[in-house]
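Note sheet for the following structure.
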Amino acid sequence: MPKWLENAVFYEIYPQSYYDSNGDGIGDLQGIIEKLPYIKELGCNALWINPIYDSPFMDAGYDVRDHKKVAPRYGTLDDVKELLSTAHDMGIKVLFDLVPGHTSDQNEWFLQSKKAEKNDYTDTYIFTKSVWDAPPQYRLMCGICERDGNYLVNYFSSQPALNYGFYDITHPAWQMPSDCDAAKNTVELIKDIMRYWMDLGVDGFRVDMADSLVKNDDEKIATSKIWAGIREMMDKDYPECALVSEWCNPQRSINDGGFHMDFYLDHYGNGYSTLFRYLVDGENKSFFSDSAKGDLSTFLSEYNVNYPATKDNGYICFMTNNHDMPRATFYMSEEMIKLSHTFMMTMPGVPFVYYGDEIGMRYQTDLVSKEGGFSRTGSRTPMQWDSSKNLGFSTADESKLYLPVDKSDDAPTVENNIGRKGSIYENLKTLIALRHEYEDLRNGSDFELVHAEKGDNLFIYKRGEFTVYFNVSKEKKEVKLKNVGEIVFMLGDYEINGETLILDGRNAVIIKG
Ligand code: NOJ
């Protein structure tokens, strides 16, 4: 296990929207390099950058045309090298995005695979036996290739599924087993790409749809086996590199697949969703919500099983948001966001901050979909730096911007957050600094639940010598103090009366000792 993960706080960058260094209206690698000091100052010491590879951008780069080429709009391979060396000099690790489940339909592998004539890539994708063979349970593109067969897609229609075989074979005429040579060859192709970037200095990958490799593999037995093999390669040749999976099943991903980290994703009604984003018939029933109508039962029923089962092998990752879901401001007030950050930065695992969440950027509604973003587009708008043209994102004409910037008069910016007491930014920066300062608040000590009762809006847990208290209701609440130690963090006002802690509404306090 790479030691640096112990103290890592990640920052996710959607490169097209971060900072445009050359005035063409779209973010780029040089823009990221320029902003590294800003990221460092916030306290983040690792990056996850969404795909920067050559792509027709039907899915914002998750449709890779050439895995070893940098999309010209972001820069060149030299820019990648400069980004890596500058980041490393500053103590910042860099993860790229790996998309192993599919490619673009313009990828050279696929252009070969769809030819009628047999070639080295014929079995790199999944084709049915003939175009008349189209079982309805599969998402197939029918009758559009020279080759007599329909191909399986993994996500959008422009993203044909790579062939890792099938675990349960229901159509033997065209489904191959997951241990056949063609499937093994696909694994080698992906390993080769990983090696290419890690040899250049990339510190690992966020793995897109990591559970999607082998088809008809409900228990993910064959898929996990592939990842376990990849982990062996990492341990042997790249022991300092790390993988984080888009999976949301830590026991499978971490324990079976060997991932170092797994994201706790927002799946409607699951633990993450009921903590932060649970809308039921339009009403917010999440625990961290101004309505104070939620509870912790779903989260705890999942976490109390998954955390002890995986904590010796890897990390469950909480994220403020990502590029696939509405921003946190869509669900929570500024106060509630600060409470949620207090939680994320004091839990075990490795936290991820989505760009712009540190200043409370808003989810933009009514935007026309960009590059396959659809409802996700509103969370992918340009970073808001200051009050200058295009909020400091780009010097290009407004009409040339990748996406419009937030036009509201009170749009949050880095400039109007930094140094403002109580801003989301200052609060998060303080919390990240605490996490770096105290091992107990990272992974040095276990999560111990102290109090979570349905209906009382309180949440108390211990991390080693620290106790974290939350009151998410509007009203003042009294709780029995676990220990009368040093207050190392507070969001609002509190009083200590003997052994009683009186917490103002929507408040969190961290006590040491
Ligand atoms: C998950 C990614 O986060 C998302 O943005 C993408 O569209 C799909 N996987 C397909 O690659």
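The values are calculated or read from the model by the stated rules, or taken from the named source; none is laboratory data. These numbers come from a predicted model, not from an experiment. With ideal geometry, Cβ positions are generated from the backbone for all residues, glycine too; neighbour counts draw on all protein chains shown. The area values use the complete protein model at the heavy-atom level, side chains included, leaving out ligands, DNA and RNA. Shrake-Rupley method; radii C 1.70, N 1.55, O 1.52, S 1.80 Å.
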| remark: Sparse-neighbourhood loop hits (trypsin sites (Lys or Arg not before Pro), the range 401-475; DSSP loop; Cβ within 10 Å at most 12 others) -> K407, R420, K421, K454
| task | Can you grab the distance from the C-alpha centre of the range 1-30 to the C-alpha centre of the range 187-201, Å, no decimals? | result | 20
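Report, to the nearest whole %, how much of the accessible area of the range 255-299 belongs to carbon and sulfur atoms, 1.4 Å probe, protein only. Working shown, then result.
Numbers: 710 of 1520 Å².
Carbon and sulfur: 46 percent of the exposed surface of the range 255-299.
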| task | Take F156, F393 and sort them by solvent-accessible surface of the protein heavy atoms, 1.4 Å probe, largest at the top. | result | F156, F393
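Just the number, please: carbon plus sulfur as a percent of the accessible area of the range 102-161, 1.4 Å probe, no ligands or DNA/RNA counted.
Numbers: 1510 of 3000 Å².
Within the range 102-161, the accessible surface is 50 percent carbon and sulfur.
Classify the range 110-209 as rounded, prolate or oblate from the Cα gyration tensor: take a ≥ b ≥ c as the square roots of its eigenvalues, call it rounded if a/c is under 1.5, otherwise prolate when a/b beats b/c and oblate if not. Mind showing how you got there, number by number?
Details: a/c = 1.90, a/b = 1.81, b/c = 1.05.
Since a/c reaches 1.5 and a/b is larger than b/c, the shape of the range 110-209 is classed as prolate.
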| Leading residue at positive end of dipole, the range 11-93 (Cβ point charges), from N50, N22, Y74 | N50
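At 4 °C and 1.567 mPa s, grab the translational diffusion coefficient of the chain from Stokes-Einstein with a Kirkwood Rh over Cα pairs, rounded to a whole number in µm² per second. Please list the in-between numbers first.
Numbers: Rh = 24.0 Å.
Translational diffusion coefficient: 54 µm²/s.
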| remark: For the range 421-470, the accessible surface attributable to carbon and sulfur atoms (probe 1.4 angstrom, ligands and nucleic acids excluded) amounts in percent to 42
| remark: Answer in debye to the nearest 20: the dipole magnitude of the chain about its Cα centre, from +1 Lys/Arg and -1 Asp/Glu charges placed on Cβ, is 360
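What number comes out for accessible area per residue over the chain if the probe is 1.4 Å? Units Å², please.
38
So if each residue of separation counts as 0.36 nm, and I subtract the Cα-Cα distance between I169 and D446, what length gain in nm does that give? Mind showing how you got there, number by number?
On the way: separation 277, 0.36 × 277 = 99.72 nm, distance 4.26 nm.
So the extension gain works out to 95.5 nm.
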| note | Highest mean packing first, using Cβ neighbours within 10 angstrom, the peptides 317-328, 496-507 sort as 317-328, 496-507
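Rounded, prolate or oblate: which fits the range 102-161 when a ≥ b ≥ c are the square roots of the eigenvalues of the alpha-carbon gyration tensor, with rounded for a/c under 1.5 and prolate only if a/b beats b/c? Could the numbers behind the result be given before it?
Values: a/c = 1.91, a/b = 1.14, b/c = 1.68.
Oblate is the answer for the range 102-161, as a/c is 1.5 or above yet b/c matches or exceeds a/b.
Can you tell me what share of the DSSP beta bridges in the chain is antiparallel? A percent to the nearest 5 is fine.
60
Kindly sort L5, L367 by accessible area of their heavy atoms, largest first, with the probe set to 1.4 Å. Let's see the in-between values first.
Details: L5 0, L367 50 Å².
Heavy-atom accessible area, descending, gives L367, L5.
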| message | Need the list of lysines near K512 for cross-linking: C-alpha distance under 18 angstrom, and skip anything on the same chain fewer than eight residues off. | response | K462, K480, K482
| the chain, helix-only ellipticity at 222 nm - DSSP H runs n ≥ 4, -39,500 (n - 2.57), divided by all residues, nearest 500 | -7500 deg cm²/dmol
| What is the dipole size for the range 102-161, taken about its Cα centre, with +1 at each Lys and Arg Cβ and -1 at each Asp and Glu Cβ, in debye to the nearest 20? | 140
| query | Of P136, A116, M1, which is farthest along the charge dipole of the chain in the positive direction, counting Lys and Arg as +1 and Asp and Glu as -1 at C-beta? | reply | P136
| field | Cleavage-rule hits (trypsin sites (Lys or Arg not before Pro)) in the range 83-140: DSSP loop, at most 16 neighbouring Cβ within 10 angstrom | value | K115, K118, K129, R139
